[in-house]
Amino acid sequence: MAVFVALGAFLMTLVGGWTAQRVTDRRHLVLGLAGGLMLGVVGLDLLPEALDAAGEPVFGVPAALLLFVAGFLVAHLVERLLAGRQAAHGADEHAGGRVPEVGLTAAAAMVGHSVMDGVAIGAAFQVGGGMGAAVALAVVAHDFADGFNTYTITSLYGNARRKALAMLFADAAAPVVGAASTLLFTIPEQLLGSYLGFFGGALLYLAAAEILPEAHHDHPARSTLLCTVAGAAFIWLVVGIAG
């Protein structure tokens with residue numbers, strides 16, 4: 001049953017990526033929506049789950065929040081190091097100075113997160129059918145956002161369309177792989193919470209430092225802002241229904 005539900009996540013991810021691909025003539029709206037979706041996923045989904053699961057505080061601060069900050073800083077450091085390496089080799093700028101490898105790394109992180117989504121589905125069905133159905137609803141609904149964001153991030157950093165599609169298909173297959181893996185092992189809750197905190201910080205960096213500024217750079221329109229708000233509101237709706 002868990003693997004069957006994960007196939008629904010596979011299809012929803014592809015729909016999200018297809019939507020991002022089809023509206024490239026409204027790039028600022030796509031980026032505004034992607035930024036809002038990412039903000040909603042981090043603040044309303046990943047971080048609350050991480051705080052619940054990541055264990056005891058470290059020197060007065062919840063471990064999930066420390067890892068959240070670490071994820072943000074690591075994402076910033078990786079981007080700066082890759083940009084510095086490109087400049088040192090005299091490479092031409094891509095996508096307004098963005099480094100394609102950063103987009104691929106970010107998309108790979110999205111794929112990793114989708115694997116964990118599949119693991120969550122499998123683990124929930126092990127607990128019971130009702131729990132499995134609730135988690136499956138949440139995962140399938142927000143996998144539209146995952147597919148949308150994976151394609152958008154890969155393309156934003158100047159990668160070719162075929163690479164963006166390859167990362168999209170990898171992200172779509174990841175929940176199926178994750179769900180199937182629960183037949184073999186179970187990930188400790190504290191480790192899962194730590195991962196969610198770290199990944200949330202990296203995702204927030206991409207949304208706040210890269211995607212949203214780019215969305216408003218050439219088109220500081222009210223419609224772009226509304227798309228950002230709509231993206232965050234959509235995730236709130238998904239979390240509320242799943243809860």
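Taking amide H as placed 1.01 Å from N in the peptide plane, the amide H of Val58 sits under 5 Å from that of Ala63, each at least 5 places away or on another chain. The label point for Leu191 and the one for Asp52, both projected 7 Å from the Cα toward the Cβ, are 2.1 nm apart. Simple spin-label estimate for Ile241 and Ser223 gives 2.6 nm between the two label positions (7 Å along the Cα-to-Cβ direction from each Cα).
Read the figures in this text as sums done on the coordinates, not as results from a lab. As the structure is a computational prediction, the values presented were derived from the model and not from experiment. Don't worry about glycine lacking a Cβ; one is built from the backbone with ideal geometry, like all the others, and counts go over all protein chains shown.
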